[in-house]
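The values are calculated or read from the model by the stated rules, or taken from the named source; none is laboratory data. In this text the structure is predicted, and so the values were computed from the model without any measurement. Note: ideal-geometry Cβ built from the backbone for every residue, glycine included; neighbour counts use all protein chains shown. Calculation scope for accessible area: heavy atoms of the full protein, side chains included, ligands and nucleic acids excluded. Shrake-Rupley method; radii C 1.70, N 1.55, O 1.52, S 1.80 Å.
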Amino acid sequence: MAHKGGLAVMRRVRSFARVSEIPFEPERRMMAVACEGPEGVFTFVKGAPQTVLELCDSRYVGRERAARDARFDREVLARNSDMARGSMRVLASACARGNLIEERAGADARVHPHLTFLGLTGMMDPPRPEAVKSVERARRAGIRTIMITGDHAETAEAIAVQTGLISPDQLADGRARSSLIISGEQLDTASDQEAMRMVDTAAVFARVAPAHKLRIVRALRQRGHIVAMTGDGVNDAPAIREADIGISMGLKGTDVAREASSMVLGDDNYATIIAAIEEGRSIYDNIRKFIRYLLASNVGEVGSMLLTAMVGLPLPLTPIQLLWMNLMTDGLPAMALAADPTDPEAMSRPPRRPDEGVFAHGLGLKIIAQGAFIGLCTIACYILAGLALGHDLPTARTMAFCTLVMSQLIYVFHCRSERHSASEVGLGSNRLLVAAVAVSVALQVAGVQLPVGHTYLGTRPLSLIDWALVLFLSGWSVVLTAAARAVRRAARRRFHRFKVRNAKKTG
C-alpha cells in the first residue's frame, strides 16, 4: 500500500527488528508486533476495525493526537461499512511507542489498550469472471453453493451478490436476508436444531471461526446432504476431513490441509470443481452406456443359443463365429461408446442418490428387453433363411450370424442416451463411434463375402435379398425398443394428466 502511494519504505522497514508478536488467529481478529528501530520500540497492530478500535485510546487529528470518542468510533465503523458494501476487505491499523504486548501462553497473549488509531485499508479481491457462470451451472445441476468466510458480513454480502449466490430481490426482503446471511455470533448462540435449520437456507456464513466451519459441515451432513468442503489453512483441516469430499487449495493451501483432503484443487478455482463434477457425471453416464450395450448384446447372444437348443434346432452359430462376433461388437464399438462426449444436459439434471444402484431407472429392464429383441430377431432370421428362402444350414447360420452382429452394431447408437433417441443425439458428436462401427461392418461383410471367411469362419456368401432380410431384422429389434419407449412415454403422460385431473377435483 505504501509503494502504491509512492513512498520508499523498504529501507525504513528493514531498519526495524521484531522483538515480540501476537500472531493472527480468527478468534482474535487481529495481530500485533513490537519492533525495535533507530527511534526506539514501537507496537504495531492490524485487524478487524471493531477489534482494533477497542485497543485504541487516541487518534490523530492532523499531526496531533486527540482522545478517541464515540463520535469518532461511529465515523470509523460507518466508513468500514461503506467499504465493505463495496466488496472490500477492510483492515484497521494502529500503533504506539513502547512494547505494549503482554506475552502469555497461547490465546491469553494480549495488547494493552493504549494505541493510537491510524486508519482503514480496503483491499479488493474480486471474484473471477468465470465464478458467476459456475455458480449458475451448479444451481442448475442441483448443487448448493455456500460461502463460508471470516470477512465482514457486508463484504460477504456484496461478493455473494456479485457471484449470484444471492439476488438483490432476496436482499430487499428483510426476513429473507436474515436467513440467507448468518454470522458466527448467531451460530455460537444457536442450538443444534437451530443450526440445522440455518444451513437449510443460508447462502453465506460470515465472521466465522474454524470451529464454526466444522459445525456447518456436520449440520449439513445431518440434514442428509453430500458435502464438499474447500479450505486452505491448518484450521480448515478438521472441516475438510469431516466433509464427504474434502478439497484443499493447491496453490495457497497448507500441507496439513492437503493431507486432510481427498482432492487438491490445482488452480484454486471454483470453476474447476464444477468442471470436475461435470466430468464425473459424464464418466458415470458412460459406464451405464457401456454396461447397457454389452449386457444387452450378451443377453441376445445367450438367448438365441439357448432358445434354439431348447426347441431342438441346430445351434445358429459355431464357436468360431461367436468369437468373431465378440471381437466385432465388444471391441472397437464398445470402447468408442465408453469415450462418448459429455451429454449437454449433464449439468441440468439433479444429483443422483448416493445409494442408487447402477441398474437404477429401469436400466436392468431395458437390458433384458433389448437382449430379448435381439435374440428373437436372430432366431427369426435363422428360421426364415431355412424355411422361406430354402437355404442350407451353413447359409442360414451365416444369416443369423450377420443378424446378431448387425443388430448389436445398430443398437450401440441407441445406447448413447437414456433420454433421447439416436436421431435426436445425432452421429456427428461421436465420430470415433461411427468409425468403429464402420470398421466392424466392413470386417463382417469381408468375413462373409470373401473366401478367407468361408475357410476360417465357416460362412457362406449372401445375396442382396439375404442381406436385405438381415438388415431388416437387425433394425427391427431397435424399432421394437423404440416402440416400447414410445408406449412408456405415452403411459407416463396419461398418468400425469390423470393425476392433474384428480388434483383439480380434490382441490
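Tell me whether region 151-158 contains one or more residues that are polar (S, T, N, Q), over 19 Å from the mean Cα position of the chain (by Cα) and assigned to a strand (DSSP E or B). For region 151-158, residues polar (S, T, N, Q), over 19 Å from the mean Cα position of the chain (by Cα) and assigned to a strand (DSSP E or B): absent.
Selection of first residues in region 361-389 that are over 20 Å from Phe413 (Cβ atoms) and of second residues that are open to solvent by 50 Å² or more (accessible area, probe 1.4 Å) and modelled with pLDDT under 90, restricted to Cβ pairs under 7 Å at least 6 apart or on distinct chains, gives an empty result.
Can you tell me which residue among Ile287, Ile291 is open to solvent by 60 Å² or more (accessible area, probe 1.4 Å) and of a type in the set (A, V, I, L, M)?
That would be Ile287, the only listed residue that is open to solvent by 60 Å² or more (accessible area, probe 1.4 Å) and of a type in the set (A, V, I, L, M).
Tell me whether region 461-477 contains one or more residues that are touching a residue at least 24 places away in the same chain (Cβ under 8 Å), in contact with a Phe, Trp or Tyr (Cβ under 7 Å, 6 or more places away or on another chain) and more than 16 Å from Met325 (Cβ to Cβ). No, region 461-477 contains no residue that is touching a residue at least 24 places away in the same chain (Cβ under 8 Å), in contact with a Phe, Trp or Tyr (Cβ under 7 Å, 6 or more places away or on another chain) and more than 16 Å from Met325 (Cβ to Cβ). Within region 204-251, the residues that satisfy the criterion of being among the β-branched types (Val, Ile, Thr), part of a loop (DSSP other than H, G, I, E, B) and under 19 Å from Ile274 (Cβ atoms) are Ile226, Val227.
Of all residues in region 27-51, those that are more than 26 Å from Met83 (Cα to Cα), surrounded by 14 or more Cβ atoms within 10 Å (Cβ to Cβ) and not β-branched (Val, Ile, Thr) total 4. Residues in region 357-373 that are part of a helix (DSSP H, G or I) and touching a helix residue (DSSP H, G or I) at 6+ places or on another chain (Cβ under 9 Å): Leu363, Gly364, Lys366, Ile367, Ile368, Ala369, Gln370, Gly371, Ala372, Phe373. Checking each residue of region 52-61 against the condition of being at pLDDT 90 or above, open to solvent by 30 Å² or more (accessible area, probe 1.4 Å) and part of a helix (DSSP H, G or I) gives at least one match.
Considering only residues that are closer than 22 Å to Val208 by Cα and aliphatic (A, V, I, L, M), look in region 136-150 and name the one that is surrounded by the most Cβ atoms within 10 Å (Cβ to Cβ).
In this case the residue turns out to be Ile148.
How do the helices (runs of 4 or more DSSP H) wholly within region 415-478 filter down when requiring 2 or more residues that are touching a Cys at 6+ places or on another chain (Cβ under 7 Å): which remain?
The helices (runs of 4 or more DSSP H) meeting that bar are 431-449.
Restricting the search to region 47-90, which residues are among the small types (Gly, Ala, Ser) and either without any contact (Cβ under 8 Å) to a residue 60 or more places away in the chain or under 19 Å from Met31 (Cα atoms) (or both)? Those that are among the small types (Gly, Ala, Ser) and either without any contact (Cβ under 8 Å) to a residue 60 or more places away in the chain or under 19 Å from Met31 (Cα atoms) (or both): Gly47, Ala48, Ser58, Gly62, Ala66, Ala67, Ala70, Ala78.
I'd like to verify a number: residues in region 1-26 that are surrounded by 11 or more Cβ atoms within 10 Å (Cβ to Cβ), charged (D, E, K, R) and either at pLDDT below 85 or in a helix (DSSP H, G or I) (or both), how many?
Going through region 1-26 one residue at a time, the tally reaches 2.
One residue alone among Glu75, Glu136 is out of contact with any helix residue (DSSP H, G or I) (no Cβ under 7 Å at 6 or more places or on another chain), more than 30 Å from Pro351 (Cβ to Cβ) and outside any strand (DSSP E or B), and that residue is Glu75.
Consider region 303-322 and keep the residues that are open to solvent by 20 Å² or more (accessible area, probe 1.4 Å), in a helix (DSSP H, G or I) and in contact (Cβ under 8 Å) with a residue 60 or more places away in the chain. The one that is nearest to Gly231 (Cα to Cα) is Gly303.
Conditions (1) modelled with pLDDT under 90; (2) within 14 Å of the chain's Cα centre (by Cα), marked per residue:
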| residue | (1), (2) |
| --- | --- |
| Val217 | no, no |
| Thr254 | yes, no |
| Arg258 | no, no |
| Thr272 | no, yes |
| Ile277 | no, yes |
| Arg281 | no, yes |
| Arg288 | no, no |
| Ile291 | no, no |
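Thr342 meets the conditions (1) without any contact (Cβ under 8 Å) to a residue 40 or more places away in the chain; (2) β-branched (Val, Ile, Thr); (3) in contact with an Asp or Glu (Cβ under 7 Å, 6 or more places away or on another chain) in every case but one. The failed one is (1). Being over 26 Å from Pro127 (Cα atoms), out of contact with any Leu (no Cβ under 9 Å at 6 or more places or on another chain) and surrounded by fewer than 22 Cβ atoms within 10 Å (Cβ to Cβ), is that true of even one residue in region 157-170? No, region 157-170 contains no residue that is over 26 Å from Pro127 (Cα atoms), out of contact with any Leu (no Cβ under 9 Å at 6 or more places or on another chain) and surrounded by fewer than 22 Cβ atoms within 10 Å (Cβ to Cβ). If you filter region 1-42 down to residues that are over 47 Å from the mean Cα position of the chain (by Cα) and of a type in the set (Val, Ile, Thr), you find that the one that is farthest from Pro113 (Cα to Cα) is Val19.
On the given criteria, is Ala271 within 25 Å of Arg144 (Cα to Cα) and open to solvent by 20 Å² or more (accessible area, probe 1.4 Å)? Yes.
Within region 82-109, being part of a strand (DSSP E or B) and at pLDDT 90 or above holds for Val90, Leu91, Ala92, Ser93, Ala94, Cys95, Ala96, Arg97. Inspection of region 226-235 finds no residue satisfying the criterion of being open to solvent by 10 Å² or more (accessible area, probe 1.4 Å), at pLDDT 90 or above and over 20 Å from the mean Cα position of the chain (by Cα).
Of Arg197, Arg207, all but one fail to be at positive phi and not small (Gly, Ala, Ser); the exception is Arg207.
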